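Each value in this text was obtained by applying a stated rule to the coordinates, not by laboratory testing. Since the model is a prediction, treat every value here as computed from it, not as a measurement. Heads up, the Cβs are rebuilt from the backbone with ideal geometry, glycines too, and the neighbour counts pull from every protein chain shown.
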Amino acid sequence: MKVYDVAVVGGGVVGCAIAWYLAHCSLDILLLEKQEDVCCGVSKANTGILHSRSYWTPGTLKGEVHLRSLSWFERAFRELGLSPLRCGALTLAFSREEARHLEVLKKRGAIAEAAILSPKEVLAIEPRVNPEIHAGYFDPETMVISPFALTIALAEGAALNGVEICCGKEVVAAEPSGRFLRIRCGDGTVYHARFLVNCAGASAVHLARNLGDSLPPLSFFRGQYFVLDRECQGFVRCVLYPVPTEKSKGILVAPTPEGNLLLGPNFEPTQGEDTATTRKGLLEVERGVQRLVPDVPLDRVITTFSGVRPTLPERDFLIAFSPSLPCVLHLAGIESPGLTACFGIAEYVGELLARRGLPLRERNDFRLRVPSRAFRECSLEERECLIREDPDWGKIVCRCEEVTLAEVKRALRANPPARTLDGLKRRVRVFAGRCQGSFCGMHLPRILENEGGIPVHGLRKSGPGSFYVLRRDEVAAYAEVR
Amino acid sequence: MPRSVDAEVVVIGGGPAGMAAALSAWEWGARRVFLLERNPHLGGILNQCIHPGFGLRLFGEELTGPEYAERYIEALEKTGVEVLTDTTVLEVGEDRRVVAVNREGVWIFHARTVVFAVGCRERTRGMIRLPGTRPAGIFTAGCAQYLVNIEGYLPGRRAVILGSGDIGLIMARRLTLEGVKVEAVVEIRPTLSGLLRNYVQCLLDFRIPLLLSHTVLEVLGKERVEGVVVGKVDEKGNPVGEKRLLPCDTLLLSVGLVPESELLKKSRIPLCPLSGGPFVDEDFACDVPGFFACGNVVGVFDLVDYVTESALRIGRRIGEAEGYTPPRFVLSPLEGVAALFPQRIRRGKDGFLYVRPKEGLKKARLSLIHNGREFHSVALPLCRPGEMIRLDLARVPWPEEKGEVQVVLRGEKHVDVL
């Protein structure tokens, strides 16, 4: 019987970060994810901003792990082979009262190069900003990263260092069995571990209940977004924030490392994990963004989406051991800045587990993740070399994002591998360009069958019910019933 | 090192436009003509259009898409045009340096003439900002057409089609023939977007309802589409309250086509904001010397016959190897016109002007105006956005003086489909 030292439940950014962090030590780690892939829940839909010190919340756990995380950034990016967009941010004030808040941000950040700027100075940096601004606060330390790229890099980095990642495993129960926990999944699989870390995100409270604990209820807030065409790259250079409110950081404009422009989110209560977009919500985002940059090219929208933030009543993160099972650690209410704070959360969780007896001995054979090359980022000479090595680099399967067959094949064979169209999208950006898959969606099913062993009629967009196409006989049978 | 190739003509795109352009360049004497196609076969979208209706104007007979394509593939085989399939063009420089890749490596063509025949793409859900969930089962009509006709799979069991463009109408019939229940074709405008003959042959004949002045307001379903909310809209396309749920597992979008002008932008070719494609003259030369564009990248044609007809004009102009002369006339739409091309006239002795009406009109009149004077007009008993007006340029008595020509389409408003 294999006994893991830690079973991390939930393959979002927090779960993956914890698994990756613990993988630095000589431990047997298991990561259980109920969906078909990592990064399928809360982590997949947010702005991807790595908020700087100016945005930490003093006197909260959320704030503490946020600050801890910042000191991890450079090491983590190096070990994970990630390069976030180091674009900085401008917070824009539209009244004297708002301008006063900029002082608060400046004081809180205490960043040497940060400055409060006059409208003229703001416009010199970002000429498209609404000229009616009162003042702006420039913060050079804000960065943007793709939330998929980060979460998947963490998962790959963890797997590379021995973490076992099992998808399609929903934990339904865990009970003590001798010195271990016996963890049961919905499909009947059983795992044994010394510790269980509940990082189930939107389902964290539900999972806690299954384990016999009652956590405060989560409420869900939805944020809707627009994604603009990569041709809009350079429209703005920094993240543009409005002055934050008690509720949220507001509707903002963010350039992304991939070259798109992200607009949003609004902030609205919603029922559970409802990630639909609405006409009203999108209109609200449109208005909010136009306030910051009046001539934002809204005719270049390529897609819209929404994400949810699971929040606790006190609006703070909860990271605490279970009152009933001393080897179960719950994490709940990890909303913004959860992505930014993921490394700090992992370190904090590591300390809590160590205090309960988990031996954290750093290993000396930790492997760095070498990121896969993106064809679109290579020079002509590099492309020529890649094609000579493997002709599949010369076959473009997605022309909007210039993704090659070689990249698709690599994603299908990665650990954890892409098994769905969404999984492939998050790894190599097919379906993520301006045609939104109307071209690559024609050819990918055949490629996935030939190269990934996924039969065309078994291909899914995401979860079990999300079939892509049907065989003729499946439809004929239905027509007869009708 | 990338391979460097000197070329007289590089044609980008091996669909009907590119094949005709390469053919005509060869026939007018150009040599070292390269035709670059990213798919494994020539023919472009024609290969997935297995329905008949192609070639009526050009050949006087009804062909399927692949049959139509075959005629040009065969004609090309008799020439020395070098066809590179499975080859994707990544960028075109202002100096007419064309960078392409295939399984052999990176190719750099130094071309005297570049012809863009890169076609168009379908508008997507994001572009029309269709709200709701984001499940599987939402396809652009052309993507679904490929999956059905080339791959042999079906997109679902019950479909709603948003938009009455031609591909949507064709797919309504195609899916019905395959046993898929097509609940309705929903069109936001008060008029049909596609060809009238497609409405009759694809919807009426199969009793598929067409809901004009309606749109899909919301997509429902978590993993797979479970239904769409369809509602009535006013003239501006805003919902007016009346709505109902149509259960379905598939939503096809046929909500318009846009020229694939991204490559042209990189080579700084001026684009027409109305058509989305480059400005061209009657020989389909762009505003920048050495560049041509033909087919649906110029603007979206409704018949492939017109695409071929227009692309075949390119060869003579290349053959004449004339220096760049500014156009005599610049056409600009003043009223009633959704798009028109060519927008420039150099000789005005032959070729055609294609005009897409903004709305349905009866007893209409298309006028060409120069210096406030109407110098040519044609009467049109009926015109619809789904069908382009084709004006023979040889019949136009062009004024002596150069300048701007305004194009006006006026008539009585006519919203009936038939």
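Using Cβ point charges alone (K and R +1, D and E -1), the dipole size of chain B about the Cα centre works out to roughly 860 debye. When the Debye formula is applied to the Cα atoms of region B:124-255, each taken as the same point scatterer, what base-10 log of I(q)/I(0) results at q = 0.09, 0.16 Å⁻¹? After summing over all Cα pairs, the log10 values are -0.22, -0.71. Within the shell defined by Cβ-Cβ distances under 13 Å, the residues around residue B:2 carry a net charge of -1, with Lys and Arg each +1 and Asp and Glu each -1. For A:37, A:365, B:249, the sequence from fewest to most other C-beta atoms within 10 Å is A:365, B:249, A:37. Per-residue Cβ neighbour counts within 10 Å put A:20, A:72 in the sequence A:72, A:20, beginning with the fewest. Taking every DSSP helix (H) stretch of at least 4 residues in chain A, weighting each as -39,500 (n - 2.57) and dividing the sum by the residue count yields a mean residue ellipticity at 222 nm of -9500 deg cm²/dmol.
A cut-off of 5 Å between modelled amide H atoms, ignoring neighbours fewer than 5 places along the same chain, links residue B:272 with B:277, B:279.
Label-to-label distance, residue A:113 versus residue B:325, with points set 7 angstrom from Cα along the beta-carbon direction: 5.8 nm. Computed from the Kirkwood radius of its Cα pairs, the Stokes-Einstein diffusion coefficient for region A:280-377 at 20 °C and 1.002 mPa s stands at 116 µm²/s. Karplus-based coupling profile of region A:435-448, in residue order and whole Hz: 8, 6, x, 6, 9, 5, x, 6, 9, 4, x, 5, 5, 5, with θ = phi - 60° in 6.51 cos²θ - 1.76 cosθ + 1.60 and x standing for Gly or Pro. The residue list A:400, B:171, A:321 was ranked by how far each Cα lies along the charge dipole of the protein assembly as shown toward its positive end, using unit charges on Cβ atoms, and A:321 comes out on top. Which listed residue (B:403, B:352, B:378) has the Cα farthest towards the positive end of the charge dipole for region B:325-418, taking +1 on Lys and Arg C-beta and -1 on Asp and Glu C-beta about the Cα centre? Positive-most Cα among the choices belongs to B:352. Annotation: for a label point projected 7 angstrom from Cα along Cα→Cβ of residue B:238, residues of region A:285-306 with backbone N closer than 19 Å are A:285-288.
Across region B:187-326, counting alpha-carbon atoms alone, Rg and Dmax equal 20.7, 61 Å.
Peptide B:154-163 shows a mean partner chain C-beta count of 3 within 10 Å per residue C-beta. Report the residue, chosen from B:306, B:68, B:153, that carries the largest GNM mean-square fluctuation when chain B is represented by alpha-carbon nodes joined by springs under 10 Å. Looking only at B:306, B:68, B:153, the largest GNM fluctuation is found for B:153. With the cut-off at under 11 Å, measuring from each backbone N in region B:18-53 to a point 7 Å along the Cα-to-Cβ line of residue B:59 picks out B:53. As a calculated quantity, the FRET efficiency between residue A:315 and residue A:86 at R0 = 22 Å, using C-beta atoms, amounts to about 0.15. Listed values for region A:230-238 are Karplus-derived 3J(HN,Hα) couplings in whole Hz (6.51 cos²θ - 1.76 cosθ + 1.60, θ = phi - 60°), namely 4, 5, 7, 4, x, 4, 10, 9, 9, and x replaces Gly and Pro.
DSSP beta bridges fully contained in chain A are about 70 percent antiparallel.
Proximity of backbone amide H atoms, modeled 1.01 Å from N, is registered between residue A:321 and A:330 at under 5 Å, excluding neighbours fewer than 5 places apart on the same chain. The aspartates and glutamates within cross-link reach of residue A:106, meaning a Cα-to-Cα straight distance under 20 Å and a gap of 8 or more places when in the same chain, are A:64, A:97, A:98, A:121, A:126, A:139, A:141, A:246.
With neighbour counts taken as other beta-carbon atoms within 10 Å, the residues B:341, A:366 rank, fewest first, as A:366, B:341. Considering only C-alpha atoms, what is the centroid distance from region A:315-350 to region B:1-77, in Å? Region A:315-350 and region B:1-77 have Cα centres separated by 61 Å. Shape descriptor for chain B: Rg over Rh equals 0.98 (Cα atoms; Rh from the Kirkwood inverse mean 1/r).
Candidates B:192, B:248, B:267 compared by Cα position along the dipole of region B:188-295: farthest toward the positive end lies B:248, with charges placed on Cβ.
Counts of other chain beta carbons within 10 angstrom of each beta carbon in peptide B:134-144 average 6.
Springs between Cα atoms under 10 Å define the GNM used for chain B, and in it the highest mean-square fluctuation of B:12, B:314, B:369 occurs at B:369.
Let me know the whole percent of all Cα-Cα pairs from region B:325-418 that are separated by more than 18 Å. The proportion of pairs with Cα distances above 18 Å equals 40 percent.
Here each label is just a point 7 Å from Cα along the line to Cβ, and for residue A:124 and residue B:129 those points are 3.6 nm apart.
Build a GNM of chain B with springs between Cα atoms under 10 Å apart, and of B:229, B:11, B:255 the one that fluctuates most is B:229.
Here the label points at residue A:450 and residue B:412, each 7 Å from Cα along the C-beta direction, are separated by 5.9 nm in the simple model. Using Cβ point charges alone (K and R +1, D and E -1), the dipole size of region B:124-255 about the Cα centre works out to roughly 100 debye. Only beta bridges with both residues in region B:124-255 are counted; by DSSP, about 45 percent of them are antiparallel. Converting phi to 3J(HN,Hα) with the Karplus coefficients 6.51, -1.76 and 1.60 and the offset θ = phi - 60°, region B:372-388 yields x, 10, 7, 9, 7, 8, 10, 8, 10, x, 8, 9, 9, x, x, 10, 6 Hz in sequence order, with x at every glycine or proline.
For the residues of A:390-402, the average number of beta carbons from a partner chain within 10 Å of their own beta carbon is 4. For residue B:358, go through the lysines and keep the ones whose alpha-carbon is under 25 Å away, minus same-chain ones fewer than eight residues off. Straight-line reach from residue B:358, under 25 Å: B:232, B:236, B:413. Only the Cβ atoms of Lys and Arg (+1) and of Asp and Glu (-1) were treated as charged; on that basis the dipole of the protein assembly as shown about its Cα centre amounts to roughly 1160 debye. The convex hull drawn around the Cα atoms of the protein assembly as shown, when projected onto a plane and averaged over every direction, covers 39.7 nm². Amide H contacts of residue A:197 (H built 1.01 Å from N, in plane; Pro and chain starts excluded): A:7, A:8, A:9, A:329 sit under 5 Å, all sequence-distant by 5 or more or on other chains.
Each DSSP beta bridge with both residues in region B:325-418 is either parallel or antiparallel, and the antiparallel ones are about 80%. A DSSP coil position with no more than 13 other Cβ atoms inside 10 Å describes the following trypsin sites (Lys or Arg not before Pro) in region B:193-237: B:207, B:236.
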